[in-house]
Structure formats: C-alpha cells, structure tokens
1. Within segment 280-302, take every residue that is open to solvent by 50 Å² or more (accessible area, probe 1.4 Å) and in a loop (DSSP other than H, G, I, E, B) and give me the one that is farthest from ARG251 (Cα to Cα).
2. Given segment 4-111, what helices (runs of 4 or more DSSP H) lie entirely inside it while holding 3 or more residues that are surrounded by 15 or more Cβ atoms within 10 Å (Cβ to Cβ)?
3. Residues in segment 209-223: is at least one within 19 Å of the chain's Cα centre (by Cα) and surrounded by fewer than 17 Cβ atoms within 10 Å (Cβ to Cβ)?
4. Is it the case, given these coordinates, that LYS236 is touching a Gly at 6+ places or on another chain (Cβ under 6 Å) and not in a strand (DSSP E or B)?
5. Of all residues in segment 178-196, which are among the polar types (S, T, N, Q) and either in contact (Cβ under 8 Å) with a residue 12 or more places away in the chain or surrounded by 19 or more Cβ atoms within 10 Å (Cβ to Cβ) (or both)?
6. Please verify whether LEU327 is surrounded by 15 or more Cβ atoms within 10 Å (Cβ to Cβ), modelled with pLDDT of 95 or more and either touching a Gly at 6+ places or on another chain (Cβ under 9 Å) or of a type in the set (Phe, Trp, Tyr) (or both), treating the condition exactly as stated.
7. What are the residue pairs meeting all of these: first residue in segment 48-66, first residue over 21 Å from ILE297 (Cα atoms), second residue surrounded by 12 or more Cβ atoms within 10 Å (Cβ to Cβ) and not hydrophobic (A, V, I, L, M, F, W, C), Cβ atoms under 6 Å, and 6 or more apart or on different chains?
Amino acid sequence: MNAVRVGVIGYGYWGPNLVRNLAELSDVELVAVADLDLNRHSNIKRRYPMAYVTQDHRDLFDLSLDAVVIATPPTTHYALARECLEHNLHILVEKPLTLKSAHAEELIDLAHARGRVLMVGHTFEYNSAVRELKRLIDSGELGHIYYIDAVRVNLGLFQPQTNVLWDLAPHDISIFLYLLGHNVETVSAQGTACLFNGVHDNVYLNLRFAHGVMAHARLSWLDPSKTRRITVVGSKKMVVYDDVEALEKIRIYDKGVDRMPSVDRNSNLHFSYRYGDMVVPHIPFSEPLRDECQHFISCIMSNTEPQSNGIIGLNVVRVLEQADFSLQNNGLACAVDLNARHMQHPDLVRREVAGFVLPSLQQRAVGFE
C-alpha cells in the first residue's frame, strides 16, 4: 500500500485539526470530507482543493477509500462507525467511542469479523508529556502512588444534548487507565446542573483502583479559566503535568512526608518533611494529534492493533456508564464488575497497558466503608 486513501466525516470543532494532520502525512491521500453544514464547504475546498467535499457521508462509500475518520457528535458515533465497518473501512472514531458499552462491543466484533482497524481518538495517550508521566510512574522514581488528581475546567462549550462528564471525562479516564495499569474497582460522581436542568455542567469524579490508589477529576464548563492539570502524588516524589503550559509541562518535586519510627508506642507520631529540588525535564515537542493520526495509518499499513483500540475505548465507555449512573443517583459508589470480559477475540486484548478488566453491563451499587 503506497498511500492510505482516507475520508473524514465531520468538519466542526475537532474535524479541521484531523483533516489538517491527515493532509500533511506523506503516506495519506486525503480523498474526501463530508459535513452537513454547507457553510463550511467553501473553506474546505479552499484549503484542500484535492478533496471531494459532500454533505452526504454515504458518498464516501463510492470513492474506493481505505479508511474513514469520524469527528461528529458522540450521539452519531455508533451508527456512523457501524456503517463504515459494514463497507469494509478502517475507522478512527473520536472519543467517546459510543454512548453505550453494548454498542462498543458490537463495533469491536464487527471490526474483527471484517478484519478492519478500529481505533479511538484518545489523544492524550499520544502526548509526549503524558508518556513521560507514565515512564516516571513505571520506573518507580515516584515511589508508591498515593493518588492522582486531575482538573479539566473552562468556560463552555455548553452542550445541552450531553453533560460535562461525557464531554470532558473521557480524556482523564483514558489517562488514568493508561498511567495506573491497575483494575478499576469502584466509580462515583457528584455534580450540579447550574444552567440547564438535568444537564450537569460541574462534576467531581472519583475512581478507586486496585491496591487502594484513588484518582479524582474535577470537570466543569463553568470556570473562569481554562485548566488542564494532573497531579501525581507518590511516596518519594510528586509530579505536576500542566498541559496549558507552553514549555514546562512536567515538573517533578522532590517533596514528601515520611513517618518516623518511634520506640515509645505511647508517644506522639513523628513525621519528617522533605523539601527538595524541583526539576523540569526536557520533553521534545510532538503534536499528539499528529502522532495519533500517524499511528492509525501505520496500523492500517502493517495490519497491527492500535494502542487506543476498541477494547480501550470500551473500557472508557464502561467507566463513563457507571459514573453517569452514580451522578444520577447522588454519588452512589458503583462497583465495576471484574468478572465479565469481552473474550470473543483474545487477540484484541493483547495490549493491556491499562491492566483494565472489562466490567459487565450491569451497574451494581456498593456502600462506602
């Protein structure tokens, strides 16, 4: 295969970035772009005169494409992805893969049956700073991980057809799974609907992983400043990853607290506080979306499974389902059933970077201890 013939469905918020990156890859031929909004067509034609532009995505099925990238609202992902797979096309679907885990499982089965690549746009898995964060955790440099705290807030964009959990949380959930490499045990979420009744625009999400590690995320469309920050607290060191920072995206703090041994069991506890240096490692810049697009094309050409494959996308959807159930039930802690697995195609599970066992569709509540 000299070049992969690609079409893109959706040229709204994220579509232009995907089209730009695909058009600039040497092993891609950007063949077509489909978008319902006719007002966008002139801009597409001006920037990409070689691409066929249409309002009807079904026109792409007559253009001898190899792959389609889907960048449309989440409510359309399942139907469009299924239609593309039925036309024997490799697909990259923006997050979340679907809004129901049953639909995600169906797409995984269909992609396997057709021998097609199914990849999900979890862009942060291809972010060099996030990969450095994972290296620091896996190397043991941070010590035992106590907890991870994430903040993903900004003013807008409000979407009355969904809530902030389904909009922003896929990023942090995919990062948590990628970083920790442990099983999720329980999920809970609480939030408020400030502007639209029933549409939560401010959410606090909690995930409990195996070995007692907690991961938290604050998500909001109603905040005065844009913040994209993750803090990892370990027994040896602490790290802050700030995606809004232009240069110093990772800062490693040699700080911590150690409990001192005491010979007298009746004496007060003693602690030793460490205030060491702060180190900013050099992380070569590489646009995550470009790396994601290149990885998708490489997987097609080499017939290999993507890093953020359908199983990973399904994992995220299952956590979102449980979190949304908790959100609608006053923060009830929901157990993630570790017994059920999508085992029809074990070859698809060979990448277990997150170490996440697929839960069942049933949402089972457990009490807080």
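The values are calculated or read from the model by the stated rules, or taken from the named source; none is laboratory data. The model shown is predicted, which means the values in this text are computed figures rather than measured ones. Cβ placement follows ideal geometry from the backbone for every residue including glycine, while neighbour counts extend to all protein chains displayed. Protein only, heavy atoms only, side chains kept; ligands, DNA and RNA dropped before computing areas. Shrake-Rupley method; radii C 1.70, N 1.55, O 1.52, S 1.80 Å.
1. GLU287
2. Per the criteria, 15-24, 77-86.
3. Yes: segment 209-223 contains one or more residues that are within 19 Å of the chain's Cα centre (by Cα) and surrounded by fewer than 17 Cβ atoms within 10 Å (Cβ to Cβ).
4. yes
5. Residues satisfying the conditions are ASN183, THR186, SER188, GLN190.
6. Values: surrounded by 15 or more Cβ atoms within 10 Å (Cβ to Cβ): yes; modelled with pLDDT of 95 or more: yes; either touching a Gly at 6+ places or on another chain (Cβ under 9 Å) or of a type in the set (Phe, Trp, Tyr) (or both): yes.
In short, yes.
7. VAL53/HIS41; VAL53/LYS45
Matching residues to (1) open to solvent by 10 Å² or more (accessible area, probe 1.4 Å); (2) in a loop (DSSP other than H, G, I, E, B):
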residue	(1), (2)
LYS134	yes, no
VAL151	yes, no
LEU157	yes, yes
ALA169	no, no
PHE176	no, no
